[in-house]
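Structure record follows, encoded as structure tokens.
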Amino acid sequence: MKQFVIFIRKEFAHVLRDRKTLLILFGMPVVQILIFGFALTSEVKDARIVIMDQARDAASRQIISKIEASRYFEVDKTVRSNQEMKEALKQGDIRLAVIFPANFNYDLVHQNDARIQVIADATDPNNATTLISYINAIIQDYEADFNKTNNVPYRILPEIRFLYNPELKGAPNYVPGVMALVLMLVCVMMTAVSIVKEKETGTMEILLVSPFSPLKIIVAKAVPYLILSLVNVVTILLLSVFVLDLPVNGNIFLLFAESTLFIITCLVIGIFISVKTNTMQVAMLISLMGMMLPTILFSGFMFPIENMPLPLQLISNVIPAKWYYIIVKDIMIKGLGLGAIWKETLILAGITIFMLVISLKSFKIRLS
Amino acid sequence: MSEAVITTDKLTKRFGDFVAVSEISFEVDKGEIFGFLGANGAGKTTAMRMLCGLSIPSSGKATIAGFDVYKQTEQIKKNIGYMSQKFSLYEDLTVLENIRFFGGIYGLTDKQIKTKSDQLINQLGLQQEVKKLVVSLPLGWKQKLSFSVAVLHEPKIVFLDEPTGGVDPVTRRQFWDLIYDAADRGVTIFVTTHYMDEAEYCNRISIMVDGVIKALDTPRKLKDNFHAANMDEVFYELARGAKRSE
């Protein structure tokens, strides 16, 4: 145990003495959080929505069939109560709810004051705005059709609500994204590079000849990055709360527990890379190209996964950051508990265990 | 009356069809300085890795400080020191931090480390440099420090893999003074080298060619046997038939 502490202390000395490492470690999250305000818009296809039709009349049915016919939307189900609708939205894959009040047709024809309520999941604001504009277009289209056969111009007023993120701030989207990105970078790259560095300078050989066991070496090399990454999570959350006015709606302990799980996933990937490579450049390149790029592409925080061709959507499932991103969004923005994210947690844990087993295996092969 | 601390019997390492080390057998006595020579690719490093417990032999027997290289690698590791051809201290730590770290992972107590490091710093004359980062030291000092750290935990045997690469003859001579000191204290030295003047400093040397030990004796006897004026000629005589090279 004492040897372990001595090792970890040495590891901290490496990190804290290297200005470049320090800059990447603590400067990057701050910079990323502050510059990631730029929103990216893109088309959304086949967004899953729910419909609550309290009117069940000619007008509502025609609009619903127009929505169904559109390639932008896929009606997941029709719900009967507000409660049911809320549940559906909480699941996270439902982007939008369209609600027709009772007497919709009557209001339209007789009062000239028909209203449709549209509720969008605005945790991803770009997505929500895009979908709202599609719905608006469909309703206007129907309005035009309807007015062609009538002399009096009738009007439908969509009432729009952006759920979870009423002001359509970018922060709820990119704070979880930056968290995933930063942790991925710090843990995977730093761990991989720090282990490979010992190989490259020859100190690894000295350590392997010492009575300190190889497994302990690896754990001792990973622990400092676990601690530093948790410091990063705290930094990002503090910036998010005090600079971006984005509070943590859910349980903060759950958020830290899930973050620890994701950090461990990344550390294990970093260890795997370090076992497989012999130079720092290669380790860095693999970490960047093999980890950062897929994280940016497939986590869903920059480009909507729904839009991607099926093979890419399938690939996105093996990217740990995708699941962590969903988890953070659910806890931080939607304020959901473990009940809502157990599936994602399980997948993340599964990826971690899988990577751990194959790293240990290849590590043993290396040693013999 | 000498007691053998390294014994090998037909020790062999194969990588697939390639026989890196073929049936080497020798003994090294306590306090002996044993030179392990061979051209590049002769199998020196592979043999040394087996003796350090880093690599499991394919066949044959070997004991290090009385421990078996197949089953007792943990005990072996506690009883040996190692210095590789790559400079092997942490350059971003200070002299003292390096000493403390390596002493620590070998399980020395704080008090032992304190005594040992004072002793070592005095011996090397590094009083002014203890708080400096190792990166700022000249190569010769780094290597001397590296050796002293390798014997810090008082191992029975210390393995030196081309320890003096790239340093001038004067520094090399000083380095060998350290080696003699350690040997006088009863530490067995197992050293590989490319420098034939260094080979002359050893008590006995073995010359490896293509995975096989071709000659093993004291430098004087080897020269006599090969009617050679110096070790260079002996080495050339043996190594020119080598088929393998890096």
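The values are calculated or read from the model by the stated rules, or taken from the named source; none is laboratory data. Fair warning: this is a prediction, and the values are worked out from it, not measured in the lab. FYI the Cβ positions are ideal-geometry reconstructions off the backbone, even for glycines, and counts take in every protein chain you see. Side chains included, ligands, DNA and RNA excluded: accessible areas come from the protein's heavy atoms. Shrake-Rupley method; radii C 1.70, N 1.55, O 1.52, S 1.80 Å.
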Report, in degrees rounded to the nearest 10, the 0 to 90 angle that the Cα long axis of helix B:139-150 makes with the longest principal axis of chain B. 90 degrees
How do A:TYR154, B:TYR70 stack up against each other in accessible area, from largest to smallest, with a 1.4 angstrom probe? B:TYR70, A:TYR154
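Ratio of alpha-carbon Rg to the 2.2 N^0.38 Å globular estimate for segment B:137-246, to two decimals, please.
On the way: Rg = 15.0 Å, N = 110, 2.2 N^0.38 = 13.1 Å.
Its radius of gyration relative to the 2.2 N^0.38 Å reference: 1.14.
Counting only protein heavy atoms and using a 1.4 Å probe, what share of the accessible area of segment A:47-163 belongs to carbon plus sulfur, as a whole percent? Kindly include the intermediate steps, with their values, before the conclusion.
Details: 2500 of 5700 Å².
Of all accessible area on segment A:47-163, carbon and sulfur atoms account for 44 percent.
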If the cut-off is a Cα-Cα distance under 17 Å, which aspartates and glutamates reach A:LYS20, setting aside same-chain residues fewer than 8 apart in sequence? A:GLU11, B:GLU91, B:ASP92
Determine the shielding of peptide B:102-109 by partner chains: average, over its residues, the number of Cβ atoms on other chains within 10 angstrom of each Cβ. 5
How big is D for the protein assembly as shown, in µm² s⁻¹ as a whole number, if Stokes-Einstein is applied with the Kirkwood radius of its Cα pairs at 20 °C and 1.002 mPa s? 74 µm²/s
If you average the C-alpha positions of segment B:49-115 and of segment A:76-151 separately, how far apart do those two centres end up, in angstrom? 72 Å
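Compute the Cα gyration tensor for chain A, then decide on rounded, prolate or oblate, letting a ≥ b ≥ c be the square roots of its eigenvalues: rounded whenever a/c is under 1.5, prolate when a/b is larger than b/c in the other cases, and oblate in all that remain.
Numbers: a/c = 3.09, a/b = 2.80, b/c = 1.10.
Since a/c reaches 1.5 and a/b is larger than b/c, the shape of chain A is classed as prolate.
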In chain B, if every C-alpha pair distance is counted and binned at 5 Å from zero, what percent goes to each bin? 1, 6, 14, 17, 19, 17, 12, 8, 5, 2, 0
Per-residue HN-Hα couplings for segment A:109-122 [Karplus 6.51, -1.76, 1.60; θ = phi - 60°; Hz; x = Gly/Pro]: 7, 9, 9, 6, 8, 7, 10, 10, 9, 10, 10, 10, 7, 9
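Using unit Cβ charges (K, R positive; D, E negative) and no other charged atoms, how large, in debye to the nearest 20, is the dipole of segment A:155-263 about its Cα centre?
Values: 7 positive and 7 negative charges, 18 e Å.
Once rounded to the nearest 20, the dipole reads 80 debye.
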Could you report the buried accessible area between B and A, both sides summed, computed with a 1.4 Å probe and given in Å² to the nearest 100? 2300 Å²
On alpha carbon coordinates alone, what is the Rg over Rh value for segment B:167-228, Rh being the Kirkwood radius? 1.00
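Taking beta carbons within 10 Å but only from partner chains, what does the mean come to for residues B:81-91? Kindly include the intermediate steps, with their values, before the conclusion.
Values: counts 3, 5, 4, 7, 2, 8, 3, 9, 4, 8, 2.
Other-chain Cβ atoms within 10 Å of each residue's Cβ, averaged: 5.
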Charges on Cβ only, +1 for Lys and Arg, -1 for Asp and Glu, centred on the Cα centroid of chain B; of B:GLY140, B:ALA150, B:ILE179, which one is farthest towards the dipole's positive end? B:ALA150
Helix B:169-184 vs. chain B, principal-axis angle (Cα, 0 to 90°, nearest 10): 90 degrees
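Using Cα-Cα distances under 8 Å and only pairs 6 or more residues apart, what relative contact order does segment A:47-163 have, in percent? Write down the numbers at each step before the final one.
Details: 196 pairs, mean separation 33.9, N = 117.
Relative contact order comes out at 29 percent.
Using Stokes-Einstein with the Kirkwood hydrodynamic radius over Cα pairs, what translational diffusion coefficient do you get for segment A:47-163 at 10 °C and a viscosity of 1.306 mPa s, in µm²/s rounded to a whole number?
Values: Rh = 14.3 Å.
After rounding, the answer is 111 µm²/s.
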Against the rule of thumb 2.2 N^0.38 Å, how large the Cα Rg of segment A:231-368 comes out: 1.15
Rounded to the nearest 10 degrees, the helix B:110-124 long axis (Cα) sits at an angle to the longest Cα principal axis of chain B of 70 degrees
Counting DSSP beta bridges with both partners in chain A, what percentage is antiparallel, nearest 5? 20 percent
Per-residue Cβ counts within 10 Å, from other chains only, averaged over A:209-222: what number is that? 3
For chain B, what is the percent of antiparallel DSSP beta bridges, rounded to the nearest 5? 55 percent
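Percent antiparallel among DSSP beta bridges with both residues in the protein assembly as shown, to the nearest 5?
Working: 25 of 61 bridges.
Roughly 40 percent of the beta bridges in the protein assembly as shown run antiparallel, per DSSP.
Can you name the helices of chain A, as whole DSSP H runs, whose Cα span along the helix axis is 20 Å or more and whose Kyte-Doolittle mean is not below 0.5? Write down the numbers at each step before the final one.
Details: long enough: A:2-17 (22 Å, 0.28); A:125-148 (34 Å, -0.35); A:214-242 (43 Å, 2.00); A:252-276 (36 Å, 2.21); A:338-367 (43 Å, 1.36).
The answer, listed by residue number, is A:214-242, A:252-276, A:338-367.
May I ask you to rank A:TRP323, B:TRP176 by accessible area, largest first, using a 1.4 Å probe over the protein chains only? Present the calculation step by step, with values, prior to reporting the outcome.
Details: A:TRP323 30, B:TRP176 0 Å².
The residues order as A:TRP323, B:TRP176, largest area first.
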Provide the per residue accessible area, probe 1.4 Å, for the protein assembly as shown, rounded to a whole number of square angstrom. 45 Å²
